[in-house]
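Novice: One structure, pasted below without further comment.
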Amino acid sequence: MATRRARDDLVGARRGSLSVASLSALEKHCHALSGCRLCGLGGEVTPIVSQAVRPKVMLVGQAPGQVEAAGGKPFAGRAGKTLFRWLERAGIDEETFRRRVYIAAVTRCYPGPSASGRGDRVPSLEEQKSCSTWLDAELQLIRPTLIIPVGRLAIMKFLPNVPLDQLIGRIHDIEHAHGKTRAIPLPHPSGASSWIHEGNHPQLLDTALRLIGDELVRLKVAKGDGPTKRSVA
């Protein structure tokens, strides 16, 4: 009940702010997503829905965690805190990012804990397939100028299946079913991931965040102000 109430608050906050036809379609999409029951998880948990309006940029994660499932807001747990600390280095605060960037995921319901007890379970291929229609629809509705895939599962939706150090720290021109765009991938911010601590990976993350900051300024999602960037009001 708490999750559904939080979801209703998020959807309710969108009403009255989406007047353009394509944005009205996005609002309808979010209403439909909040009631999704396409996979076996749907009877137990409610899908997480982004609160962004008029987005030019999409961030795509793997799946919500337990904290997100309880509160109805994407990237609200420990991994989210790490992600938004990273994004502050790119020049945008959490509130502005949530308002101006559409946060999606490969799957939208909490998949449960990993059998190993470390982190969350990776969504099954069947769950990913069941949920793929939502991401496809969002790509068609938003036609983002920039996609920020976070973590290997999301990165592999848009980029080749190669080691992450060949992908992170670079801008990639990609093509998906609904158009062409740019992608700047990030590693998963979960504490269960050791990638960020290995070799030159911290430097690759720094480069990726600088590139994201430059793109957000170019798209007027964030504002650059000398060496320190601050968010658009």
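Novice: When we measure straight from the Cα of residue 28, which lysines land under 28 angstrom away, once same-chain ones fewer than 8 places off are left out?
Specialist: Leaving aside lysines fewer than 8 places away in the same chain, those within reach of residue 28 are 56, 73, 129, 157, 180, 220.
Novice: If you don't mind, there's one more thing I want to ask. Can you give the relative contact order of segment 42-200 as a percent, counting alpha carbon pairs under 8 Å and 6+ residues apart? If you can, show how the numbers build up before the last one.
Specialist: On the way: 266 pairs, mean separation 42.0, N = 159.
The normalised contact order for segment 42-200 reaches 26 percent.
Novice: So, one more: Hey, got the dipole for segment 152-225? About the Cα centre, +1 on K and R Cβ, -1 on D and E Cβ, debye to the nearest 20?
Specialist: Computed charge dipole of segment 152-225: roughly 260 debye.
Novice: FRET efficiency for residue 161 and residue 118, Cβ-Cβ distance as r, R0 = 22 Å, nearest 0.05?
Specialist: Details: r = 23 Å, r/R0 = 1.04.
For residue 161 and residue 118, the calculated efficiency is 0.45.
Novice: Which trypsin sites (Lys or Arg not before Pro) in segment 125-233 sit in a loop by DSSP (not H, G, I, E or B) and have at most 14 other Cβ atoms within 10 Å of their own Cβ? Don't skip to the answer; put the middle values down first.
Specialist: Details: sites: 129, 152, 157, 170, 180, 182, 210, 218, 220, 223, 229, 230; in loops: 157, 170, 220, 229.
Taking segment 125-233 and a limit of 14 other Cβ atoms within 10 Å, the loop trypsin sites (Lys or Arg not before Pro) found are 170, 220.
Novice: When all C-alpha to C-alpha distances in segment 141-184 are sorted into bins of 5 Å, what percent of pairs does each bin hold, rounded to whole numbers?
Specialist: Spelled out per bin, shortest first, that is 5, 23, 37, 23, 10, 3, 0.
Novice: Give me, ordered by chain and number, the residues 5 or more places off residue 151 or on other chains with an amide H under 5 Å from its own placed amide H.
Specialist: 186, 188
Novice: Quantify, in whole percent, the carbon and sulfur part of the accessible surface of segment 106-198 (1.4 Å probe; protein heavy atoms only). Before the final figure, lay out each step's value.
Specialist: Details: 2240 of 4530 Å².
Carbon plus sulfur share of accessible area: 50 percent.
Novice: How long, wide and thick is segment 105-233, going by the Cα atoms along their three principal axes, in whole angstroms, largest first?
Specialist: 47, 38, 30
Novice: Provide the per-residue ³J(HN,Hα) series for segment 211-220, in order, calculated from phi with Karplus coefficients 6.51, -1.76, 1.60 and θ = phi - 60°, each as a whole number of Hz, with x at glycine and proline positions.
Specialist: Result, rounded to whole Hz: 5, 4, x, 4, 5, 5, 5, 4, 8, 6.
Novice: Test of understanding: what is the full-extension gain from residue 136 to residue 197, defined as 0.36 nm times their sequence separation minus their Cα-Cα distance? Show your work: numbers first, answer last.
Specialist: Numbers: separation 61, 0.36 × 61 = 21.96 nm, distance 3.29 nm.
Length gained, residue 136 through residue 197: 18.7 nm.
Novice: Residue 27 versus residue 170, label points 7 Å from Cα toward the beta carbon: distance in nm?
Specialist: 4.2
Novice: Still on this structure, I have one more. Where does segment 30-151 land on Rg(C-alpha)/(2.2 N^0.38 Å)?
Specialist: Working: Rg = 13.9 Å, N = 122, 2.2 N^0.38 = 13.7 Å.
Rg over 2.2 N^0.38 Å, computed on Cα atoms: 1.02.
The values are calculated or read from the model by the stated rules, or taken from the named source; none is laboratory data. Since the structure is predicted, the reported quantities are computational estimates derived from the model, not experimental observations. Cβ atoms come from the backbone with ideal geometry, glycine included; neighbour counts cover every protein chain shown. In case anyone asks, the SASA skips ligands and DNA or RNA and just uses the protein heavy atoms, side chains included. Shrake-Rupley method; radii C 1.70, N 1.55, O 1.52, S 1.80 Å.
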